[in-house]
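The values are calculated or read from the model by the stated rules, or taken from the named source; none is laboratory data. The model shown is predicted, which means the values in this text are computed figures rather than measured ones. In this analysis, Cβ positions are derived from the backbone assuming ideal geometry, glycine residues included, and neighbour counts consider all displayed protein chains. Surface accessibility is based on the protein's heavy atoms, side chains included, excluding ligands, DNA and RNA. Shrake-Rupley method; radii C 1.70, N 1.55, O 1.52, S 1.80 Å.
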Amino acid sequence: MASTTNAKKEIIDFLWEWADPKGDWAKLLVDNIVKTESVLTAADRQIIFDYFIDSLRTIKKLPAVNIIKPTFTVTNKDIKLSSISNITGVNRLAKNQKVLFADNLTIIYGENGTGKTGYGRILRSLGFSYEQQTTIHHNIFSQTEPKSATIDFNVNGAAKSFTWSGSNTDDALSNISVFNNNCVQLSLSNRKLIVSPIGFHLFDIVTSELADLSGLLNLKKVAYPDTLLCSAALHEGTPQHKFIKELSDTSTDLKLKELSDYPKNIATAIAQKEKSLTGLNQELLNTQISNLNSQITELELLVKKIKSTQLNFTHTNWDVLIKINEDILTLQGKTKLGLKEIAETNGILLYESEQFKDFLTSADNYINLLEQPYPDEGDKCAYCNQPLEETAQKLLLAYRTLLNDTTESDLKKLLQSRVEMVDKVKLLEDNHILNQPSFGLDTAGKNILPPELTEFNNKLSGFKKHITSGTIAKGINFDIDYINIIDVLEKKNKALTADLTSKNESLLTISDKVLAIQKEISELKDRKLLADNETDIKKVIQNKKNLKLLNSRATDFNSNSISRKTSEAREELISQNFDSIFQEELKAFRKSHLKIDLSFGTDKGNSKISQKINQYQLTDILSEGEQKAIALAEFLTELQLDNSKAPVVFDDPVNSLDHHIIDDVAKRFIKLSKDRQVIIFTHSVLLFNSLLYTAKLPLFKSLDCKFLNTKNEFQETGFISEAEEINTTSSVVKKIEVLLNNAPKGRTESEIAGEAYGHLRSAVELCVEHEVFQGTVKRYQKNVALTSFAKVDGQSINIHKEKLNEIFERCCGFLVGHSNPTEIDNSPTIVGLKADFTDFKDIRKVFTS
């Protein structure tokens, strides 16, 4: 919504306070916006930007401007709705209906569910309200239709038309304001104001222009490229590379000259230095170092293996094994000799077989179970229980002595020890080789093995064969020289290590030389590169200076400063006006006794308002009627802050209000309609009649007012017709005539006549109220019209009062739900109805002619 609010302090004062310290360009901007109240043309914007650029120059190129603070004249906008028609796809609103709006006041009356809110939703979707969300459904009981409506209106007298599609908007129609029941809670909460003081749209335009000027500044920066294509070709680490990498607005031509000077014979100088690099064979040295490391590692591993063999296979091991072999032979001979003497002496056959040995062992085990000395004198044979002869007894004793001897077990242990020693020797490596040429290469290019290592392998292999084949004997001398082979290998390892150290030192020296020469070559090439691109480099230095200057003032286009000034203006200007207007509105609704504390603030540039009574929220302590009255007062206050004259829509504005306040609201709405178009949707008979009564007062007779009625027909709503005072005699008479002239099909005579008698009863009541007694006392109105009382025709009343009462009593008897004796047929007829209706109309003529 455009900002067009009257304020005591000029809005231009705040704009000028923002522009003045920024200089001519900002003053030009404000002056242009104030005069046009619109965004700048591209040409005007460029002029302002040129003055901004000129403000950065030491020597100005543009002529000076002399701008004084402009004056701001409000551009009033008078918007009036003419009609809304061709509605489709909105709730159950009927098609082909057209609502014509009066210039001042239009009241559309209808019961609940007759289409009032549907019309109101269309207008709310176009305008603004405390209630932000507007959801409009199609007729959910039928097929979906696209939303559409035609709104005809005038802006400052010029006719316009807008086709609404459910989501599109119109700039002029966006000024329509809407108040409904949902606005009450929203209005009394901490919320943003829906209108702003006059001229606040200028702040929005300035903010928008600052964004566009910032865009021009960015385009200006693009014109000063600060990168060099040649920078990628420079060598990392050279002074030239560092200079270009750190290039800035402070870089000097003198330093560039110093770094770009080069000898005339630069190509020759570079070639000589590159040739000197080839004499430093760094790659070969690296290969030699790698080979030495491999040789040293291999020798260290070989020494480790030989030392392990030295620990596990010594002269002592050799002697121990010889002794074990000798002991085994001794024990084996002893075992065989003892058994042979006994067996041969006694003529025992097969004494060397295993079965015989098992036999003796089993027998001995059995005798041991007897747990007594055996054999003893007089004992019998343990096997056959026969007396033992002396020779048999000696034989048994000889067997038992032999069996209990430890020779066998000792022999077994020695055999096991020999096996373990032999197995251990078998694991010893006896074929040590060198995969690295630590001792050089032979004529065939194969690695040379030192003779000490070959001799060591041969001797170790020979001693292993003696042990594994069992040919070990005392005559063989164990003469493996571990010390000698270890000494040979360690001396070689030491020599190789010394060589490695030397080559590493040489490598360091070569690396330094290589790096130094490469650096000299890189610097020579970079000097030539800088010299070839000297013009471009100087241009970039100048561009960086220009960019620094532009960036130093880039914040001039930042919207923060104008936002702060906007907030300052909102707080000051709204505080000046809102409270005084609000108090007047409270008086109009007789609520000035409620001491409401208003406080204002800003939220993201928008004005905020909060209301409390003694620190309590209004919704927590006030009745619904009081809340509605205060919400209306705030809404009307905000409308007065808005200088535009746009339509105001009220949808059922008097719910929860008593009849006293309803009259006050009606008067306030009619007064408001003198300044701007007012449209009211209501189902309140009290409000309708109060508006009708007030509009007829001499003070408001000049106002253009329309009183409309909306109703349902079958499944559709929103059928519009002209309406006078609700429940007038004429309106009820029309209903009776419709029933008589267009009797609905499918209904019985008694049903039609019964409904018509109900209307006739209402017509009699309204005739007595408005025509017989000339409206001296009216329902829904508080005053007694004594001036009308003088018009009452008492004589005619005496003549016709009995007939009117007779017709009224008969109508009451035909009402649905009225009980009658069952034996009496009391069904109404059309003939009887027509007779009573004719009598009523005749009597009525007496009082209306």
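Under 15 Å Cα-Cα from Lys95, which aspartates and glutamates qualify once same-chain neighbours fewer than 8 residues away are excluded?
Glu145, Glu713, Glu716
Once a ≥ b ≥ c are taken as the square roots of the eigenvalues of the Cα gyration tensor of the range 524-679, is the result rounded (a/c under 1.5), prolate (a/b larger than b/c) or oblate (a/b not larger than b/c)?
In terms of gyration-tensor shape, prolate.
Contact order normalised by length for the chain, with contacts defined as Cα pairs under 8 Å and 6 or more residues apart; what percent is it?
Working: 1081 pairs, mean separation 186.0, N = 849.
In percent, rounded to a whole number, it is 22.
If you put +1 on each Lys and Arg Cβ and -1 on each Asp and Glu Cβ, how big is the dipole of the chain around its Cα centre, in Debye rounded to 20?
For the chain, the charge dipole is close to 3940 debye.
Near Lys513, which lysines are there with a Cα under 27 Å away, not counting those fewer than 8 places off in the same chain?
Lys242, Lys245, Lys264, Lys273, Lys275, Lys503, Lys525, Lys528
What are the radius of gyration and Dmax of the range 415-465, computed over its Cα atoms and given in Å?
Taking only Cα atoms of the range 415-465, I get Rg and Dmax of 15.2, 50 Å.
For Lys257 and Leu449, compute 0.36 nm times the residue count separating them, minus their Cα-Cα distance, and round to one decimal in nm.
Difference between extended and current length: 62.5 nm.
Taking a ≥ b ≥ c as the square roots of the eigenvalues of the Cα gyration tensor of the chain, is the shape rounded (a/c under 1.5), prolate (a/b larger than b/c) or oblate?
Cα axes put the chain in the oblate bin.
If you add up the charges near Gly89, with Lys and Arg at +1 and Asp and Glu at -1, over every other residue whose beta carbon is less than 14 angstrom from its beta carbon, what do you get?
+2
Quick one: what does P(r) look like for the range 223-282 with 5 Å bins over all Cα pairs, in whole %?
The calculated distribution, bin by bin, is 4, 13, 17, 20, 18, 12, 8, 5, 2, 1, 0.
Before anything else, pin down the relative contact order of the range 1-153: Cα pairs under 8 Å, at least 6 apart, normalised by residue count, whole percent.
After rounding, I find 24 percent.
To the nearest 10 degrees, how steeply does helix 830-848 sit against the main Cα axis of the chain, on a 0 to 90 scale?
Orientation of helix 830-848: about 60 degrees from the principal axis.
May I ask which of Lys424/Lys491; Lys424/Lys464; Lys587/Lys706; Lys221/Lys539; Lys307/Lys424; Lys77/Lys160 have a Cα-Cα span longer than 20 Å here?
Details: Lys424/Lys491 30 Å; Lys424/Lys464 10 Å; Lys587/Lys706 28 Å; Lys221/Lys539 14 Å; Lys307/Lys424 15 Å; Lys77/Lys160 14 Å.
Check vs 20 Å cut-off fails for Lys424/Lys491; Lys587/Lys706.
Using the heavy atoms of the protein chains and a 1.4 angstrom probe, tell me the accessible area per residue for the chain in square angstrom.
54
Treating cross-link reach as a plain straight distance, find the aspartates and glutamates whose alpha-carbon is under 19 Å from the alpha-carbon of Lys791, omitting any fewer than eight places away in the same chain.
Once the sequence-local aspartates and glutamates are set aside, what remains near Lys791 is Glu765, Glu769, Glu771.
In a shell of Cβ-Cβ distance under 12 Å around Ala554, excluding Ala554 itself, what net charge do Lys and Arg (+1) and Asp and Glu (-1) give?
Spelling it out: positives minus negatives among the neighbours equals +3.
Could you tell me what percent of the accessible area of the chain is made up of carbon and sulfur, with a 1.4 Å probe and every protein chain present?
Percent of accessible area from carbon and sulfur atoms in the chain: 51.
Sort the range 47-100 into rounded, prolate or oblate with this rule: let a ≥ b ≥ c be the square roots of the eigenvalues of the Cα gyration tensor; rounded if a/c is under 1.5, and if a/c is not under 1.5, prolate when a/b is larger than b/c, oblate otherwise.
prolate
Add +1 for every Lys or Arg and -1 for every Asp or Glu among the other residues with Cβ under 13 Å from the Cβ of Ile270, and state the total. Could you put the intermediate results ahead of the total?
Values: positive: Lys264, Lys273, Lys275, Lys519, Lys525, Arg527, Lys528; negative: Glu274, Glu520, Glu523, Asp526.
Neighbour charge sum, excluding Ile270 itself: +3.
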